[in-house]
Amino acid sequence: MCSGIPYYSGMSDSTGIGVGIIGLGFMGRTHLQAFNACPGCRVVAVSDRNPDCLDGSTGGGGNFETGAQEAVFDPATVACFLDAHELIAHPDVQLVSVTTPTPTHKALAVAVMEAGKHLLLEKPVDLDPVVIDELAAIASEQGVLAMPAHCMRFWPAWAWMKARLDEGTYGRALRASFHRTGAAPGWNQAFYFDDAQSGGAIVDLHIHDVDFIVHAFGAPQAVFSSGSRRHVRTDYTFEGTELEVSAEGGWLDDDSPFSMKCTIECEMGTMDFDLSRSPELQVQQDGTLTDHPEASEGGTGYDGEVAAIVNAIQSAAASPPVRLADAALVARVLVAEIDSLTRGEKVVLR
């Protein structure tokens, strides 16, 4: 194993928060790239069970470009561990990013928090919302910030749309639709294709839109889902409103391009996002289509979520901008969707 003076990259602050990253697969390297570019922090340690991941070189990509290909570190100056618990115990680590497969999250999260370290935990936090509630209780007991990595809340154009909804810029929301599909994962298929471990595409991929729906419109009263865990379409019912919301998400053929779209129709205008378009965000209002390239400025949602947890720690915030309670609510919506798939009928959230 290697250790020594921490490696600094981009604008990272050598006097900032010490970060450790557990898991250096596609998402771990994505987090590494984001932390490398974030002011106020420094990556001081990394861990992976595969020693080949600890040489500091780039790795393969995922379903779309996140910066993971450029995520590098110097193993001569960053502490490297095969054992995640050694990283957690490292005295210079104050914040731990856990990007390992979902079944490992609970034990690692508990170890991080009981060591008094702050936590950024990849989605899904757990397939069982009760487990997420338990983790939230531990975070409160230990007095640490524990934030689920729900990146769409920080995706610049999506944060822009959420701000317009909050401000009522285009009036009340009437209808919203979400679409997120891509090739089935070509990596770690033993995990992703085992529903008991990953939850399937409905949890691994569709979760992003479910989280944004909850973030933007609140918890639905009921859901009706059709399809399968690999490719689902869900309609959401919001009690006391006429708001119509639907979302489709899933894995397609191996060579399918990644697609991420969102349309939110309001009383006085329609916001439309398409990742494949330039500009990504357009607004239709009074018969006029207006481009909003400024909405997409500011990097990715991964950059945003990393900056958010770092800023929360620096400011001694009482809670992170996304709470484990938020993740538990999203998990309950997903459980209801899976129940609806099984039963073939609308399911009321419990």
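Any read-out appearing in this document is the output of simple, stated calculations on the displayed coordinates, not a laboratory observation. Being a predicted model, the structure only gives us computed values, none of them experimental. Methodologically, a virtual Cβ is constructed for each residue, glycine included, from the backbone with ideal geometry; neighbour enumeration extends over all protein chains shown.
Here are the numbers for this structure:
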{"read-out": "Exposed-site-free run, longest, the chain (rule: GluC sites (Glu not before Pro); DSSP loop; at most 15 other C-beta within 10 Å)", "value": "66-238"}
{"read-out": "Pairwise Cα inverse-distance average, inverted: Kirkwood Rh of region 17-149 (Å)", "value": "14.7 Å"}
{"read-out": "Reciprocal mean inverse distance between Cα atoms of the chain - Kirkwood radius, Å", "value": "20.7 Å"}
{"read-out": "Normalised alpha carbon radius of gyration of region 79-203 [divisor 2.2 N^0.38 Å]", "value": "1.29"}
{"read-out": "Cα Rg, Dmax, region 133-219, angstrom units", "value": "16.5, 46"}
{"read-out": "Region 201-350, relative contact order [Cα under 8 Å, separation at least 6], %", "value": "27 percent"}
{"read-out": "Net +/- balance of residues flanking Asp83 in space, Cβ distance below 15 Å, scoring K and R +1, D and E -1", "value": "-1"}
{"read-out": "Percent of beta bridges antiparallel (DSSP, the chain, rounded to nearest 5)", "value": "55 percent"}
{"read-out": "Positive dipole terminus of the chain, leading residue within Ala318, Gly299, Leu95 (C-beta point charges)", "value": "Ala318"}
{"read-out": "For region 281-350: rounded, prolate or oblate by the Cα gyration tensor [a/c cutoff 1.5]", "value": "oblate"}
{"read-out": "Length-normalised contact order of the chain in % [C-alpha pairs under 8 Å, at least 6 apart]", "value": "17 percent"}
{"read-out": "Within the chain, longest stretch clear of exposed chymotrypsin sites (Phe, Trp or Tyr not before Pro) (DSSP loop, no more than 15 other Cβ within 10 Å)", "value": "194-350"}
